[in-house]
DNA sequence: CAACAGGTAAACAAATCAGTTTACTTTTTG
DNA sequence: CAAAAAGTAAACTGATTTGTTTACCTGTTG
């Protein structure tokens, strides 16, 4: 059985294995934690031999750093469509982000922010992982900053940081409590936005 | 050299070893995570033999549950004096809690909320640990609820939850970013309180 | 066809993990 | 004092960990 799809040939085989490993590791790290997830299981789930794995990722921590980068890129892609919409104001986009996050957090399968979890396991132990976590949170802050800087507010960066605090808080509580959020987050976000608006 | 203090004899030796173990484990779990901390190191730091450890805590997870309870009791004791003061209004106490938390989070040694970190490592794996984490967060919420219920606000429980969201968010960001909080948290808390006040 | 890069499968090494057991010592207490 | 309770130190088990190595296979390409 040869290659059947003669259209759209030349798929970059090179990076396929690497991505398979990252995706399997991402799922396992998210669901079971970093230390608790062994490389043998990752390689089995990825359908890849151990040797291949250690060619792409010389150490497990290298893989963790790559997974955290993947986590951010994945997150970015999920937000892309929303951020690109021109039928929504920046303020509406912010509210929409919290709505989407709220739905995500409400899922029983939610396991908290991977970067926060990684920090809990590797803080003070692996600078590369620490750095990857900070890069992620910095990016999250940048997303909000991009949205608030064109809002009629006095201190857009302060507002962005407050929004991030809100998002983190929701996530952490959802992760631990695993029950629907009893408050109206949308209203809380709107109050925050109103409090900063000069117009 | 016999026992010198003939006054106040009969110190309950029984629970001393147990507490030593919990305190050493608390420190190590906080600084290095749960999976990453081996029982051999805990027992060495506690100055206790392995056998004794396994008499008090048949499994490592039993110890983790005990540490999480200790974490809560410790937290409660740290808040006791503040909550008992009668020269402060409930509103002032809430603000004071955030000020203290802010100072704590600003410390470079801060490693995030132990219950959140535990959830990141044991979510879906150990019901007892999960439960201990939820008990901790429920207690945190109760502290705020006790303070808000006597405030002139419409929905004291909602306000309490929002305060908890704020506290969690600050903690999670501080844990990852490890840099001073760029916003005025006291003002953010006051805004939140003002937004709920009917008077 | 032949060379070769990239892959598999599995055995292996060395360390570490949680937890057990044994033999002995210290401390408390009736 | 003497029995009993609680402790120590250290060897040990068996499973698991990350990471290495060996021998073999496969698809592509000059």
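The values are calculated or read from the model by the stated rules, or taken from the named source; none is laboratory data. Everything numeric here is computed off the predicted structure, so don't read it as measured data. Note that we place each Cβ from the backbone using ideal geometry, even for glycine, and neighbour counts take in every protein chain shown.
If you go through the stretch A:23-59 and pick out every residue that is in a helix (DSSP H, G or I) and within 13 Å of DNA strand C (Cβ to nearest atom), you end up with 15. Candidates in the stretch B:35-73 are the residues that are touching a residue at least 24 places away in the same chain (Cβ under 8 Å) and away from DNA strand D (no atom under 16 Å from the Cβ); of these, the one that is nearest to residue B:139 (Cα to Cα) is B:72. So which of A:15, A:36, A:24 is surrounded by 10 or more Cβ atoms within 10 Å (Cβ to Cβ) and modelled with pLDDT under 95? Testing whether each residue is surrounded by 10 or more Cβ atoms within 10 Å (Cβ to Cβ) and modelled with pLDDT under 95 leaves just A:15. Considering the stretch A:114-130, the residues that are touching a residue at least 24 places away in the same chain (Cβ under 8 Å) and surrounded by fewer than 21 Cβ atoms within 10 Å (Cβ to Cβ) include one that is farthest from the other protein chains (Cβ to nearest Cβ), namely A:128. Among the criteria (1) more than 14 Å from every other protein chain (Cβ to nearest Cβ); (2) touching a residue at least 60 places away in the same chain (Cβ under 8 Å); (3) surrounded by fewer than 18 Cβ atoms within 10 Å (Cβ to Cβ), the one residue A:91 does not fulfil is (3).
Only one of the numbered conditions (1) under 27 Å from residue A:124 (Cβ atoms); (2) touching a residue at least 60 places away in the same chain (Cβ under 8 Å); (3) under 14 Å from the mean Cα position of the chain (by Cα) is violated by residue B:100, and that is (2).
Restricting to the stretch A:160-181, name every residue that is assigned to a helix (DSSP H, G or I) and more than 9 Å from every other protein chain (Cβ to nearest Cβ). Of everything in the stretch A:160-181, those that are assigned to a helix (DSSP H, G or I) and more than 9 Å from every other protein chain (Cβ to nearest Cβ) turn out to be A:160, A:163, A:174.
This table checks each residue for (1) in contact with a helix residue (DSSP H, G or I) (Cβ under 6 Å, 6 or more places away or on another chain); (2) closer than 22 Å to residue A:189 by Cα.
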site	(1), (2)
A:94	yes, yes
A:102	yes, yes
A:118	yes, no
A:135	no, no
A:172	yes, yes
A:179	no, yes
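Restricted to the stretch A:182-192, and to residues there that are more than 10 Å from every other protein chain (Cβ to nearest Cβ) and surrounded by fewer than 19 Cβ atoms within 10 Å (Cβ to Cβ), the residue that is modelled with the highest pLDDT is A:190. In the set (1) in a helix (DSSP H, G or I); (2) within 14 Å of chain A (Cβ to nearest Cβ); (3) surrounded by fewer than 19 Cβ atoms within 10 Å (Cβ to Cβ), residue B:62 fails one condition alone, (2). Within the stretch B:143-159, being in a helix (DSSP H, G or I) and more than 7 Å from chain A (Cβ to nearest Cβ) holds for B:143, B:144, B:145, B:146, B:147, B:148, B:156, B:157, B:159.
Residue B:110 falls short on exactly one of the conditions (1) away from chain A (no Cβ under 14 Å); (2) at pLDDT 95 or above; (3) more than 15 Å from DNA strand C (Cβ to nearest atom), and that condition is (1).
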